[in-house]
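Below: the structure, in structure tokens.
The values are calculated or read from the model by the stated rules, or taken from the named source; none is laboratory data. Here the structure is a predicted model, which is why all the values come from computation and not from measurement. Glycine gets a Cβ as well: all are built from the backbone with ideal geometry, and neighbour counts include every protein chain shown. Calculation scope for accessible area: heavy atoms of the full protein, side chains included, ligands and nucleic acids excluded. Shrake-Rupley method; radii C 1.70, N 1.55, O 1.52, S 1.80 Å.
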Amino acid sequence: MPILQVVLDVPLSKAFDYLSTDPVAIGSRVSVPFGRRAQVGIVVGITNESSVPLAQLRPILAHLEDSPPLPADWLRLTDFASRYYQRALGEVMLGVLPPRLKTGKPMRVRSSRSRTTVAAGASVATDAEGAHGAPVRSWQFVEHHPLTGEQAVAVEAVNGAIDGDPAAFLLQGITGSGKTEVYMQVAAHALRAGCQVLVLVPEIHLTPQLEQQFRQRFPGARIELMHSGRSGVARAQGWLSAQTGTAQIVLGTRLAVFTPFAHLGLIIIDEEHDPSFKQQDAVRYSARDLAVWRARDAGIPIVLGSATPSLESFANAKAGRYQRLTLQQRARPQAQLPLLQLINTDRDEVRDGLSKTLIEALSDTFKAGEQALLFLNRRGYAPVLACNACGWMPGCPRCSTHVAVHLGERRLRCHHCGFEAPIPARCPDCGNVDLQPFGRGTERLEETLGGLFPQIRIARIDSDSMRLKGAWEQMHQRIHAGAIDLLVGTQMLAKGHDFPRLTLVAVVNADAALFAADYRAPERLFAQLQQVSGRAGRDALKGRVLIQTRYPDHPLYRSLLQGDYNRFAQAELAERARAGFPPSVAEAVLRAEGREMPYAIEFLANARAAALALREMDPEDISLYDPVPMSLARFNGWHRAHLLVQSPRRARLQQFLTAWRLAIQSLPARHGTRWHVDVDPIEF
Ligand code: ADP
Ligand code: ZN
Ligand code: ZN
């Protein structure tokens, strides 16, 4: 009887052995007894031997045949992710499987011509549409505009790679240069070649518009959405549709990188610099980096698109690992680049956060019947509440931070953990009733503007106002219908939309990011400002961008003014190399979370000592830093500390981490202290 090696969602574990009377292919899902429960697992090996005595091995409960076995390239991808991100294989495999496929309940297999239910134990599902799911649907690609010269060059390069010579491309194109058009063109080429296409986008709220565009341009093609907002069954069906080759285009957020495909031929990542491609809990993977690995493994091209590429990708292009394609002109012949200006808030008269120059510009815009956008990357009414008499400021009981004032809802809210409380009527320390909000968020800005321009229609867009399902689509329609004069919002506003009558974009206050401790802060600020500026003058109307700052001479603003991302990126890369930050080195952190800070620090100190004893610990290659509290030292009730590890050589860091993780697993974690490794971290 064959012994199956089955991977289960169990931390720190490898595979478990089970017996099966029938042959079961590698990649199959099986239901097995684990402890006293049944669990769904994935078969990763078949063998005749086990370290467990044969008599103690238990048989599987069922072979789940409602879907074909997961393909070999999927098994390789999850295996790589498990090794690279230092997580158990089961955590990766079962963690990325649509939850519905982990229930053991048989899936109804969907197809456009017939509906069949394949129960567990029945024969393997074949799609009704063609042999091995090869798409036989008739679809079309709708051509729009003749391509610009730059677009044509880019499309030709990628098409060539689809036809034969796979490569990774960095598509660096300014906002409005028509990157989306390039994606559509090359996707059409891949579809014509009978391949499937995977398109990754940063955030859910962007998907409806992009989905609409794809559906309009590819009538008849089967397009599947993959993101966490999809219902359990729909997501599992999308997954199976891709795996069987029925889905032609899969559009999704970071988790979609793990979708199995029958014949994937092209991967596209839009806004590749976006931090949301990095998962911040469980398996802390970067969907962008995994996508690059996956493309190389499959021998297919990948396109990374951005106006402001991540420094990692920028360096890869510089080193020749990615082929750079540039779009420097706006695609629409009538659209011009907006005029950027800085407003020195030390010189200008500023009231309630708005300079005189900005108020005049807003006024002119409204008089001309045009739209304006104000960007402030802080939601709520004010970041803190304070007692005028004694200085008391309410903090979050679970995090080391103040709670923000949300005046509309009369609540205090922690922007890290979501803790909420009513706004107190008086100071709990001294009884004073004069409690004042300090600082400014989008809600307060909206109020100020309402007072200044009572006749105009203002809409606020941030994750508070857009919390309800469908809110964004509704707002989008109102903006397009011209029912809004002024948009006030956070970075949620910055992305992906064409607002035809938007001619003025203003950045209220972005200076804080210039001096943040996080070495990635300037890169992010540049990307945000570039993106938000790009909203202005997308159509025939000339756009204008005003940035309020106390530091008009800062090099970041200088580069932004010149529209010179490359210069900025070069300077940042040089600075990172000098300071010993990625991408000039590879890094990881060991994070510990304890009920008290000393427990977390103690755990890390022990882990550090264990590291020094390892054979893989070569001080020439591996730099181990001291344990320190994280910048948000307390989060959700946990005290958090970390220990940074760096190496100039990624492979050496990997070897070290693998050995180190084993050593850490046998360390005592007292008082319920928990830990994890984060490779290529973006949070410190
Ligand atoms: P990006 O994604 O680079 O910001 P988009 O792809 O959204 O830019 O394109 C900006 C606008 O230009 C869109 O309205 C799009 O329809 C239009 N566009 C794209 N390519 C062309 C072209 N070759 N000719 C005319 N208009 C184009
Ligand atoms: Zn007080
Ligand atoms: Zn909190």
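Under the condition of being more than 22 Å from C430 (Cα to Cα) and touching a Gly at 6+ places or on another chain (Cβ under 9 Å), which residue from segment 389-406 is farthest from ligand 1 (Cβ to nearest atom)? Among those residues, the one meeting the criterion is R398.
Within segment 535-565, the set of residues being closer than 30 Å to S623 by Cβ and surrounded by fewer than 19 Cβ atoms within 10 Å (Cβ to Cβ) comprises P555 only. Evaluate the following for D352: is it under 25 Å from the mean Cα position of the chain (by Cα), more than 15 Å from E272 (Cα to Cα) and in contact (Cβ under 8 Å) with a residue 60 or more places away in the chain? Answer is no for this residue. Going through I456, I479, I461 one at a time, which residue ends up being within 16 Å of ligand 1 (Cβ to nearest atom) and either touching a residue at least 60 places away in the same chain (Cβ under 8 Å) or within 33 Å of the chain's Cα centre (by Cα) (or both)? Residue meeting the stated conditions: I479. When residues in segment 649-667 are screened for being touching a residue at least 24 places away in the same chain (Cβ under 8 Å), more than 19 Å from Q279 (Cβ to Cβ) and open to solvent by 30 Å² or more (accessible area, probe 1.4 Å), 7 of them pass. Selection over segment 392-411 of residues that are modelled with pLDDT under 95 and small (G, A, S) gives a count of 1. Restricting the search to strands (runs of 3 or more DSSP E) fully inside segment 578-649 and requiring at least 1 residues that are within 29 Å of E312 (Cα to Cα) and polar (S, T, N, Q) gives 628-635, 638-647. The listed residues are R296, R284, and the only one of them that is among the charged types (D, E, K, R) and over 30 Å from R674 (Cα atoms) turns out to be R296.
For segment 632-648, filtered to residues that are surrounded by fewer than 18 Cβ atoms within 10 Å (Cβ to Cβ) and within 17 Å of G594 (Cβ to Cβ), the residue that is farthest from the chain's Cα centre (by Cα) is G637.
One residue is enough: does segment 184-198 have a residue meeting the conditions open to solvent by 10 Å² or more (accessible area, probe 1.4 Å), touching an Asp or Glu at 6+ places or on another chain (Cβ under 9 Å) and part of a loop (DSSP other than H, G, I, E, B)? Yes: segment 184-198 contains one or more residues that are open to solvent by 10 Å² or more (accessible area, probe 1.4 Å), touching an Asp or Glu at 6+ places or on another chain (Cβ under 9 Å) and part of a loop (DSSP other than H, G, I, E, B).
Taking the criterion of being in a loop (DSSP other than H, G, I, E, B), open to solvent by less than 10 Å² (accessible area, probe 1.4 Å) and under 18 Å from G439 (Cα atoms), the residues of segment 397-423 that qualify are V403, C414. Taking the criterion of being free of Cβ contacts under 8 Å to residues at least 40 places away in the same chain and within 23 Å of S584 (Cβ to Cβ), the residues of segment 624-647 that qualify are L624, Y625, D626, V628. Of the residues examined, M466 is not one that is without any contact (Cβ under 8 Å) to a residue 24 or more places away in the chain, closer than 30 Å to Q212 by Cα and assigned by TED's automatic domain parsing to the domain that holds L561. Within segment 397-444, being near ligand 2 (Cβ under 10 Å from one of its atoms) and of a type in the set (D, E) holds for D429, D434.
Conditions (1) basic (K, R); (2) under 30 Å from Y625 (Cα atoms); (3) not in a strand (DSSP E or B), marked per residue:
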site: V505; (1), (2), (3): no, no, no
site: A513; (1), (2), (3): no, yes, yes
site: Y519; (1), (2), (3): no, yes, yes
site: L529; (1), (2), (3): no, no, yes
site: L541; (1), (2), (3): no, no, yes
site: V545; (1), (2), (3): no, no, no
site: Y557; (1), (2), (3): no, no, yes
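Let's see how each residue does on (1) touching a residue at least 60 places away in the same chain (Cβ under 8 Å); (2) part of a strand (DSSP E or B):
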position: G265; (1), (2): yes, yes
position: S276; (1), (2): yes, no
position: D281; (1), (2): no, no
position: D289; (1), (2): yes, no
position: P309; (1), (2): yes, no
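Counted as qualifying within segment 338-396 are the strands (runs of 3 or more DSSP E) with 3 or more residues that are away from ligand 2 (no atom under 16 Å from the Cβ) and under 26 Å from M466 (Cβ atoms), namely 371-375.
For every residue, the table says whether it meets (1) away from ligand 1 (no atom under 16 Å from the Cβ); (2) farther than 30 Å from G594 by Cα; (3) touching a strand residue (DSSP E or B) at 6+ places or on another chain (Cβ under 8 Å).
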| residue | (1), (2), (3) |
| --- | --- |
| G418 | yes, no, no |
| A421 | yes, no, yes |
| R426 | yes, yes, yes |
| G431 | yes, yes, no |
| F438 | yes, yes, yes |
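Just one of the listed residues (R576, R595, R608) is over 19 Å from H671 (Cβ atoms) and of a type in the set (K, R), and it is R576. Of the numbered criteria (1) in contact with a Pro (Cβ under 7 Å, 6 or more places away or on another chain); (2) crowded, with 17+ Cβ neighbours inside 10 Å, the one A592 fails is (1). Restricting S177, S231 to those that are crowded, with 24+ Cβ neighbours inside 10 Å and among the hydroxyl-bearing types (S, T, Y) reduces the list to S177.
Among the residues of segment 308-349, those identified as among the β-branched types (V, I, T) and open to solvent by 30 Å² or more (accessible area, probe 1.4 Å) are T326, T345.
Residues of segment 446-463 include at least one that is touching a Ser or Thr at 6+ places or on another chain (Cβ under 8 Å), away from ligand 3 (no atom under 16 Å from the Cβ), open to solvent by 30 Å² or more (accessible area, probe 1.4 Å) and farther than 22 Å from G395 by Cβ.
Of the strands (runs of 3 or more DSSP E) lying entirely inside segment 1-49, the ones with 3 or more residues being within 23 Å of L240 (Cα to Cα), open to solvent by less than 50 Å² (accessible area, probe 1.4 Å) and free of Cβ contacts under 8 Å to residues at least 60 places away in the same chain are found at 37-47. Would you call Q216 at pLDDT below 95, open to solvent by 20 Å² or more (accessible area, probe 1.4 Å) and within 30 Å of A335 (Cα to Cα)? Taking the combined requirement at face value, the residue does not satisfy it.
In segment 50-67, the qualifying residues are those that are within 41 Å of the chain's Cα centre (by Cα) and not in a loop (DSSP other than H, G, I, E, B), and the one that is surrounded by the most Cβ atoms within 10 Å (Cβ to Cβ) is L64. The residue list E370, E443 contains one member that is at pLDDT below 95 and acidic (D, E), which is E370. Of the residues R674, R670, R615, R608, the single one that is in contact with a Leu (Cβ under 9 Å, 6 or more places away or on another chain) and basic (K, R) is R608.
Check segment 176-199 and report whether any residue there is in contact (Cβ under 8 Å) with a residue 12 or more places away in the chain, away from ligand 1 (no atom under 14 Å from the Cβ) and under 30 Å from L560 (Cα atoms). The answer is no; no qualifying residue exists.
Just one of the numbered conditions (1) among the basic types (K, R); (2) over 30 Å from W660 (Cα atoms); (3) under 22 Å from the mean Cα position of the chain (by Cα) is not true of R558: (3).
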